[in-house]
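Here the structure is laid out as structure tokens; the discussion comes afterwards.
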Amino acid sequence: MRHQRGPRRRPSAVAVLDDQGRFLAPCKPARARQLISCGRAWLLSAEPPRIQLTYKPQQEAPDQP
């Protein structure tokens, strides 16, 4: 008798690394698939899910009074 595993859980977030390999804020799996399909990121690992951007993301400017 085989051991039955439970249903596979889908990840709720995908870790994102910038073009230098530094961690950024995670994104949703749909966004990660979109970035990969348009060539703006590539899949580093499927388990745990991680992608790396192929471009330099824009930095948010700090609020200036």
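The values are calculated or read from the model by the stated rules, or taken from the named source; none is laboratory data. The structure presented is a predicted model; accordingly, all values stated were derived computationally and were not measured. Neighbour counts are summed over all protein chains in view; Cβ atoms, including those assigned to glycine, are modelled from backbone coordinates with ideal geometry. What goes into the accessible areas is simple: the full protein's heavy atoms, side chains included, and nothing from ligands, DNA or RNA. Shrake-Rupley method; radii C 1.70, N 1.55, O 1.52, S 1.80 Å.
Looking only at residues of the stretch 39-65 that are open to solvent by less than 80 Å² (accessible area, probe 1.4 Å) and hydrophobic (A, V, I, L, M, F, W, C), we find that the one that is modelled with the lowest pLDDT is A46. Only strands (runs of 3 or more DSSP E) whose full extent lies in the stretch 1-54 are considered here, and the ones with at least 2 residues that are within 10 Å of the chain's Cα centre (by Cα) and without any contact (Cβ under 8 Å) to a residue 12 or more places away in the chain are 41-45.
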